[in-house]
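Report on the following structure.
The values are calculated or read from the model by the stated rules, or taken from the named source; none is laboratory data. Quick caveat: nothing in here was measured; it's all calculated off a predicted structure. Every residue, glycine among them, receives a Cβ derived from its backbone with ideal geometry; neighbour counts consider all protein chains shown. Areas reflect the complete protein model, heavy atoms only, side chains present, ligands, DNA and RNA absent. Shrake-Rupley method; radii C 1.70, N 1.55, O 1.52, S 1.80 Å.
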Amino acid sequence: MKKSKEINYRKLTRNNVWVGLVALFAAVCIHVVLLLATSILLTYIVESKIQSEIDSIHGMVAIYENSVVPKEELYALLDKKGREYFITDGEGKVLHSKGQIEAFDSSNSISWQSFNDNVTYYSNSNIGFIKSGVGDGMVINLLDIFKEVRAKSADVDFNLRSDEPMVTMPIWQDTLLSDGETHFYAKASVVITVKDALIWFVSYLVITVLIAIVILLLVIAAIVNHIRNRRTLAVLFGDPVTGGKNMNWFVYYGNRIIRKKKNRDRKYAVVSIELVKYNLYCVCHSMSAGEELLRNINDCLTKNILKKELCARVSSAEFVLLLKYTDEARIQKRVSHIISQLEALSEEHKFGFQAGITVVDPTKTGEVLKNGHIRMDIKKEFNYAKAAAGALSVTDESGVALLDDKMIEEQRWIDTVCEKQQSALDNEEFVVYYQPKYDPRTDKLTGAEALIRWQSPEFGFVPPGRIIPIFEQNGFITQIDHYMIRHVARDQKKWLDEGKSCVPVSVNVSRAHFAEDDLADQICALVDEEKAPHELIEIELTESAFFDDKKAMLAAIAKLKNYGFAVSMDDFGSGYSSLNSLKDMPLDVLKLDAEFFRGDGGDGRAQIVVSEAIRLAKNLNMRTVAEGVEVKEQVDFLAKEGCDMIQGYYYAKPMPADEFVTRI
Ligand code: C2E
Ligand code: CA
Ligand code: CA
């Protein structure tokens, strides 16, 4: 799975609860901060009230100390302030008083010293003040005030203009006058009015409601996001046919399981299970019956897996499982048991299910990364399981096959080739070998076939049989075909320029290439680019390709011939009869497959077939090339029968260009 795709899947599947929780936490924090702000506001209100009371008392003390008017006049002046106060002399005798001063009892109060040494405060109120330990002033207990306001709230008529007191907190200020004996006691009243309480309540309420709305919106957004992700995942990971999961899901979660650090010591089995001849079942019954069957298979498989095991449909009637693995015997038994249950899905129809198993041993097959996770790819493992199942495909019977060492080796080779193919092409590691074709009657060189070899710095000399089938599978063959045509045309041009008498060289073009409708133009452009004459290039098409789209094939051949290229049918007689193709296709050359010249039963039947094939070709105006000829008798026989050319070890094996050029 591509890295970016995996990252996107991870984003989708990630649990968004954390995001929601973080947002919720942030909202709660903001709430607390705002509440603190309202408390600070209230503290500020209360403190400024106290401050104004204290300032007013300081004013009275100043008047008392600095006044020169007679005492009676002074007392009258102070009384007018409306504050309760009293003055005592050195012995504690009350010199003058106003109001209910009996209520003050210093022994029954909490007291605290001001910064100013000659002032002490007392409060006998049991709400609102906490004596601070340092003695440097008062601490207001908002909670007390709040409780008191709440207790009183039932009895008041809330009105924003009401100055009616709700909480009264009296403080007595005791000032020792400058004579060192006289004390001036005055009462400061801190009053929380209905208006104060209302402002406080309303701000508190507004903040709470706002925060509640924010939290609600966050929760709704998180839920909506979650639902949307679920829906996207259902589309990405769901299988619309079975209602189960698809391969994307399997690859994503499978990789997560096998790559996990904590699963490092566990082994898993990746199982590919395929219903053989599913298409036939659909033809005999119906498409919808087929889909119903796929649903039943999926249900049956899902029932048979344990927690933390996976099941998904890959395509058509192919399913994949990730199972926990203990040992070979047990896993084979388990898969066989699953297959017997699948077979029992229908009483009247005899199903064949073929399963391939590969064992995933993270520490053995994977690379351990720095963070402890394993670098592995479950898709690769699935391909191994599929390769194991491939060994069963010779029959239609149910069966279970475990990937053996040879298969693993083969699969690894396929992976390596796929990985290296592009760099090998870019570095020109593919080399053109030429196998000469000779006229058996004159023993003269009359042509050659270009055959690829991989000169790998890592693997040495690799024959085409080891790479061509892989390139045909993965589609790289079209690039190889281009490469070969370009190199052959280049060589031909070079040899011509050197004055050599060049012979036509045939190049193999894969059947995969014929899917492209501009094939002839592509080939023409490649050859023209190298400035090589068209008549020195021949195109070989393998016999089996003639069973593909006939119309397209015919069009491509006609176009190639029109451009001046000769076209040959390769491997004639190796597979199905292609006599029919011979009838329709305007080919130039018929290449008799090497099989004709292997182990003739001795009764001469092969000779009869070969001579008839040569006659047939002649009647159709085609030249013949016999491939794989190794012995003199065959050469003599072919010369007698009128075969035009022989390409075989008798004359020469495929050889590098510099060796071939010495022969022309
Ligand atoms: P092919 O096109 O049928 O090529 C003939 C093969 O028979 C060559 O094998 C050649 O070395 C071999 N051969 C020729 N004479 C004899 C003989 O007397 N005895 C024996 N035992 N073998 C003989 P090679 O080079 O290994 O190629 C194998 C196949 O790989 C080719 O079969 C062709 O199908 C494919 N191939 C090779 N090069 C290319 C290429 O450039 N493009 C494509 N598309 N396919 C290629
Ligand atoms: Ca060939
Ligand atoms: Ca051939």
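Between helix 17-66 and the chain there is an angle of about 20 degrees, using the helix long axis and the longest principal axis of the Cα atoms. Checking the a/c ratio against 1.5 first, then a/b against b/c, what shape does the Cα gyration tensor give for region 616-664? Since a/c reaches 1.5 but b/c is at least a/b, the shape of region 616-664 is classed as oblate.
Residues Phe596, Phe184, ordered by accessible area of protein heavy atoms at a 1.4 angstrom probe radius and largest first, appear as Phe596, Phe184. Near the amide H of Gly244, within less than 5 Å, lie the amide hydrogens of Asp239, all on another chain or at least 5 residues away, with H placed in the peptide plane.
Applied to region 67-81, the Karplus parametrisation 6.51 cos²θ - 1.76 cosθ + 1.60 on θ = phi - 60° returns per-residue 3J(HN,Hα) values of 6, 10, 6, x, 3, 4, 5, 5, 4, 4, 5, 5, 4, 4, 5 Hz, with x for Gly and Pro. Placing pseudo-labels 7 Å out from each Cα toward the beta carbon at Asp603 and Glu343 gives an inter-label distance of 4.0 nm. Expressed in units of 2.2 N^0.38 Å, where N is the residue count, the Cα radius of gyration of region 19-206 is 1.25. For a straight C-alpha distance cut-off of 17 angstrom, the aspartates and glutamates reachable from Lys187 (same-chain residues fewer than eight places away being disregarded) are Glu47, Glu53, Asp55, Asp79, Glu84, Glu102, Asp105, Asp174. Estimated at 0.36 nm per residue, the fully extended path between Thr662 and Asp299 surpasses their Cα-Cα distance by 123.8 nm. With all protein chains kept in place, the per residue accessible area of region 292-351 amounts to 54 square angstrom at a probe of 1.4 angstrom. The distance linking region 607-637 with region 197-259 is 75 Å (Cα centroid to Cα centroid, whole angstrom).
Think of it as helices only: each DSSP H run of n ≥ 4 in the chain is worth -39500 (n - 2.57), and spread over all residues that comes to -15000 deg cm²/dmol at 222 nm.
Relative to the longest principal axis of the Cα atoms of the chain, the long axis of helix 550-562 lies at roughly 70 degrees.
One quarter of the convex hull surface built on the alpha carbon atoms of region 416-663 amounts to 13.5 nm², the projected area averaged over directions.
For helix 287-303, report the angle its Cα long axis makes with the longest principal axis of the Cα atoms of the chain; keep it between 0 and 90° and round to the nearest 10°. Between helix and principal axis, roughly 60 degrees.
Over the Cα atoms of the chain, the radius of gyration divided by the Kirkwood radius equals 1.41; this is the Rg/Rh ratio.
Averaging Cα coordinates gives a centre for region 53-75 and one for region 287-325; these two points are 99 Å apart.
Split the accessible area of the chain by element, probe 1.4 Å, and carbon with sulfur accounts for 54%.
Accessible area per residue for region 19-206 in Å², computed with a 1.4 Å probe and the full protein assembly in place, what is it? With the other protein chains kept in place, region 19-206 gives 56 Å² per residue. Here Lys437 is the anchor, and the lysines within straight C-alpha reach of less than 22 Å, apart from those fewer than 8 places off in the same chain, are Lys493, Lys494, Lys500, Lys561, Lys591, Lys618, Lys632, Lys640, Lys653.
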